[in-house]
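The values are calculated or read from the model by the stated rules, or taken from the named source; none is laboratory data. The model shown is predicted, which means the values in this text are computed figures rather than measured ones. Cβ: placed from backbone, ideal geometry, glycine included. Neighbour counts: every protein chain shown. Just the protein is used for accessible areas: all its heavy atoms, side chains included, with ligands, DNA and RNA removed. Shrake-Rupley method; radii C 1.70, N 1.55, O 1.52, S 1.80 Å.
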Amino acid sequence: MTRAASVLVVDDEPDIRELLAQTLRLAGFDVDCAATGIEAMQQLGGRDPDLVVLDVLLPDLDGFEIARMMRRAGHDMPVLFLTAPGAADRCTGPAGDADECVAKPFSLEDVVLRIRALLGRTRDRDAPRPPLGRPTALSGSPPPRPDGPSAEQPVHSPVRRPAADLHWVPW
């Protein structure tokens, strides 16, 4: 059994912090919370979460500064910034420290999907790669299946529907 991915939620608004924490727990994540940047940095000293959800506007430290402090301290987990509407462009680009940005107000479903995508990209990036050269069982083509064609021989079967089932709706 694999362990649940851990997420640190950092937001000074208790309602948002608790709503995110409950939603992420229901989605299967192990969640810790912090209300300030200093509290977040203290929690990062104990263990590294797989991802940090970080509010940009915190009472003690700017979220961008917290992300820079995390990177300098050797914490390289992905960061999902929660930002004010219209400020998402500050999160990305050459000076941005975030892997993703979500503007408030946000959809909880969107946050969960973005977290899963970030964790998937991180796992893909950190996964061990087989050496280049001769194909191995991990990197080569899958063996032919006895019940059908192999990956090199795709099955092409056109989809056919009676014209009566198709309805055109003008926009």
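Sorted largest first by accessible area at a 1.4 angstrom probe radius, with every protein chain in place, the residues 81, 29, 106 fall in the order 106, 29, 81.
Give me the net charge of residue 110's neighbourhood, meaning all other residues with Cβ under 12 Å from the Cβ of residue 110; Lys, Arg count +1, Asp, Glu -1.
Local net charge: +1.
Using the Cβ of residue 7 as centre and a radius below 9 Å, the other residues enclosed give a net charge of -3, where K and R count +1 and D and E count -1.
Gain on full extension, evaluated as 0.36 nm per residue between residue 3 and residue 15 minus their Cα-Cα distance, stands at 1.6 nm.
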